[in-house]
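Taking it in order: structure first as structure tokens, then the write-up.
No value in this document is a laboratory result; all are computed from the given coordinates. Since we're looking at a predicted model, the values are computed, not measured.
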């Protein structure tokens, strides 16, 4: 029984797999850290700590580039879903930062991520915009609440027109379905909050008029 070719092949395979496994472990650690940093950046944006958010986004960008360099040439890692998740989180942080601070949606070139990650980031941004809307309503900042809703509605309307296989756009469809519910809830919340405020203002003015009338009589 001649097994030398098989044994030589197995040795080569084990050597390559060991190298790929080490690369995988290193990339997984960076991927988790990248996602955490992006989450911190988004929190900073909601707190209006914009300088801190910029630092976090830049740090996440650097880590993502390092990961892409590490996996280059390793086919099993180049298509790893974890990389898509990291790109998506970075895109989301850039989306919410640009919308809140600059009143504009960043381009796919500015985000420097692939098309599917860009669209997934846009869909997740709708949830962050709802958070921004609710925070604005609590402070009766109706202008920014309306602005947040307009972006939510726009992103949802655009994304719902994307009708391609999951192989091309990833889990976009279920995210858009979730976005539809968020948009509908936010529309009702915005309308109810504005009506309640207008009623409160009317009641205050009426009370003031009654007080003036009593003083005159």
Checklist outcome for this item: Longest principal axis of the chain (C-alpha) makes with the long axis of helix 172-216 (C-alpha) an angle, in degrees to the nearest 10, of 20 degrees
Checklist outcome for this item: If one compares the long axis through the Cα atoms of helix 142-159 with the longest principal axis of the Cα atoms of the chain, the angle in degrees, nearest 10, works out at 40 degrees
Checklist entry - Going by a ≥ b ≥ c, the root eigenvalues of the Cα gyration tensor, does the stretch 5-112 fall in the rounded group (a/c under 1.5), the prolate group (a/b larger than b/c) or the oblate group? => result prolate
Next on the checklist: For percent of Cα pairs over 31 Å apart, one of (i) 31; (ii) 39; (iii) 16 was computed from the structure I shared and the rest are decoys. Which label?
Outcome noted: (ii)
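Using only alpha carbon pairs under 8 Å that are at least six residues apart, calculate the relative contact order of the stretch 1-82 and give it in whole percent.
Computed value for the stretch 1-82: 31 percent relative contact order.
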Checklist entry - Which value at 222 nm does the chain reach when only helices count, each DSSP H run of 4 or more adding -39,500 (n - 2.57), with the total divided by all residues and rounded to the nearest 500 deg cm²/dmol? => result -29500 deg cm²/dmol
Item to check | Whole-number percent relative contact order across the chain, with pairs defined as alpha carbons under 8 Å at least 6 apart | outcome: 15 percent
Checklist outcome for this item: If one compares the long axis through the Cα atoms of helix 115-138 with the longest principal axis of the Cα atoms of the chain, the angle in degrees, nearest 10, works out at 30 degrees
Checklist entry - In whole Å, what is the distance between the alpha-carbon centres of the stretch 31-51 and the stretch 4-29? => result 35 Å
Checklist outcome for this item: One finds the C-alpha centres of the stretch 56-126 and the stretch 135-204 to be spaced, in Å, by 23 Å
